[in-house]
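All remarks here apply to the structure that follows.
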Amino acid sequence: MRMRWLALGGGLGWLALVLIVALLSDLGAGSAVLFAALGLMVVAGLVYVQSIPARITTAADGVRSALPAKDAPVSATFDDEVLAQVTTAVTGAVVPELKRTFRQVEALHNLYAMIDIEHALPASRGWPASPDLLLLLVDLVDRHRPRLVVECGSGLSTLCLALAMRRFGIEGKVIALEHLEEYAEQTRELLRRHGVDDLAEVRTAPLQRLAVGGLSVEWYARDAWQDLAGVDLLFVDGPPSAASPHARYPAVPLFAERLTPGAHVVLDDFQRPEERDVVKRWRRELGDRITLERVPLEKGAALLTLA
């Protein structure tokens, strides 16, 4: 109980500080309300996480009361073993998921603080990029100020990259390659609604069979990207793995000579065996020209830097 009150008190104090700073700064009342809403989500998450042990104990007490008495055929020792197993199972399933969710809420809060989001966003996580990955991309734009960003795939990440270019005053462009016209048009509409369609372009690039590095892979049609050069940030989140087991492999071999010195390559879904094998191939082929940082995001990410 004490930990819950400490979490609540600390969270509310933090929330009050955010509101005061927002109202006294040039962020305005609208941003203050936004920060308040996100802050409340964080406070609620903290309080709920702190309450998990008590909730499990209460549930266990309820199960115990429903079990037969000690003089019944089921022994008290057996009851304790069952309760211990239940508690362990619940803790093992609930706590990690709450921690993951809290981390995504925290990343989303940071994302809203870094870029100007004025309209509703489509859902994240699942097939779309998770908030922690979007935050990584925006942070790379902030720190390294790329003039040309190329994205394999399109969607919410395209919007966040374009919003970051606008927010940080970078004279550059985001080019997204999308193999399905339906999804390409959805992303274009998203960019138009947020007023950044001048900073990002979605190119429809049907998948074509290519022979690259001894592999036969379905990848984006060459005429959609052959004019691109001087790429400072390459985000590889497509094609989908259903197209080919190593669908994302061609990105670096085909763009290696189009990347600038110091360019970054971000590969999503690095927790999957296929993506890990893709990175092994890239490193084997480029050797000392490329370094790898494993980023512990929800779906895993590989951050590679070109020397």
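The values are calculated or read from the model by the stated rules, or taken from the named source; none is laboratory data. What you are looking at is a predicted structure, and each value in this text was computed from that prediction instead of being measured. Heads up, the Cβs are rebuilt from the backbone with ideal geometry, glycines too, and the neighbour counts pull from every protein chain shown.
For the range 186-194, the criterion of being out of contact with any Ser or Thr (no Cβ under 9 Å at 6 or more places or on another chain) and touching a residue at least 24 places away in the same chain (Cβ under 8 Å) is met by at least one residue. Selection of the range 188-207 for residues being over 29 Å from I117 (Cα atoms) and either crowded, with 17+ Cβ neighbours inside 10 Å or modelled with pLDDT under 95 (or both) yields only L207. Going through (1) surrounded by 16 or more Cβ atoms within 10 Å (Cβ to Cβ); (2) of a type outside the set (D, E, K, R); (3) closer than 22 Å to L137 by Cβ one by one, A221 falls short only on (3).
Take A302 and tell me if it is touching a helix residue (DSSP H, G or I) at 6+ places or on another chain (Cβ under 6 Å), part of a strand (DSSP E or B) and either under 26 Å from I170 (Cα atoms) or modelled with pLDDT of 95 or more (or both). So A302 passes the test. Among the strands (runs of 3 or more DSSP E) confined to the range 230-297, the ones with at least 2 residues that are in contact (Cβ under 8 Å) with a residue 24 or more places away in the chain and within 19 Å of T204 (Cα to Cα) are located at 231-236.
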